[in-house]
Amino acid sequence: MDAPFIIPNVSEHCLNCELVGSYIRLEPLDYGHTQGLAAASAKNPDLYRWSPIPQGEAAVTTYIDTALEWRDAGTAIPYATVRQGDNEVIGSTRFWQIEYWPWPEGHPQHGKPTPDVCEIGWTWLAESAIRTPANTEAKLLMLTHAFETMKVIRVSFHTDARNARSRAAIERIGGKYEGIIRAHRIAADFTPRDSCRYSIMVEEWPEVQRNLLDRLHY
């Protein structure tokens, strides 16, 4: 990497801000990303055997519709993943399952304006971004945002139990395996999906951050 990692410069209450790294940036998802996402997902559909990735502009528009509905409901923060070198859209990811816990009056966390826990998911990349720093840097940006701006205490990840590549990627970034949730969600092949669950706790974040920085050679 020629440039150092840029810690997201956002205020405590700016949860839906652009996150900028050296290799990629995460732009808040909008309809301006439609053509780029359609092009990114069209290049090798076989990559997405285990993930429901939109194919074509009509499907991408519906995908963005849903993402923005969840954003407006306060349960998701979706992004388009953009490569810095050529400004090409190379995929998408999001925070979702965002929860605000009902801490009782008098508790130190009562009235906390930021979420308590969230999940990172809906992550996919174009073929050109596989085996590049894109996924590692995206996770560094998002986990930094989650633990240092959103102030969450846990970030979770779920993936199809059959998806060995995704499981290995989550384990590489420091996700701790918790077990399998049976018939958790509908799978990309329209069967009941068993999901592997992983998580990172706030007290584990410093070690995870060092590992990610080392992997990126910052």
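The values are calculated or read from the model by the stated rules, or taken from the named source; none is laboratory data. None of these values were measured; they are calculated from a predicted model. A quick note on method: Cβ atoms are made from the backbone with ideal geometry, for glycine too, and the neighbour counts reach across all protein chains shown. Side chains included, ligands, DNA and RNA excluded: accessible areas come from the protein's heavy atoms. Shrake-Rupley method; radii C 1.70, N 1.55, O 1.52, S 1.80 Å.
Rolling a 1.4 Å probe across the protein heavy atoms gives the range 83-204 an accessible surface of 46 Å² per residue. Using the beta-carbon distance between GLU148 and MET201 and R0 = 22 Å, what value does 1/(1 + (r/R0)^6) give for FRET efficiency, to the nearest 0.05? So the FRET efficiency works out to roughly 0.95. Solvent exposure of ASP72, expressed as accessible area, is near 110 Å², computed with a probe of 1.4 Å over the protein chains only.
Each label point was placed 7 Å from the Cα along the Cα-to-Cβ direction; for ARG182 and SER128 their separation is 4.5 nm. Helical runs assigned H by DSSP (4 residues or longer) give the chain a calculated mean residue ellipticity at 222 nm of -8000 deg cm²/dmol, each run adding -39500 (n - 2.57) before division by the residue total. For an R0 of 25 angstrom, estimate the FRET efficiency from the Cβ-Cβ distance between ALA42 and ASP194 and round to the nearest 0.05. Efficiency for this residue pair is about 0.30. D by Stokes-Einstein for the range 1-135, Kirkwood Rh over Cα pairs, 37 °C, 0.692 mPa s: 204 µm²/s. Computing FRET efficiency as 1/(1 + (r/R0)^6) for HIS110 and ARG210, where r is the C-beta to C-beta distance and R0 is 41 Å, gives about 0.80. Of all accessible surface on the range 11-144 at a 1.4 Å probe, what whole percent is carbon and sulfur? Roughly 52 percent, rounded to a whole number. Here each label is just a point 7 Å from Cα along the line to Cβ, and for ASN87 and GLU171 those points are 4.1 nm apart.
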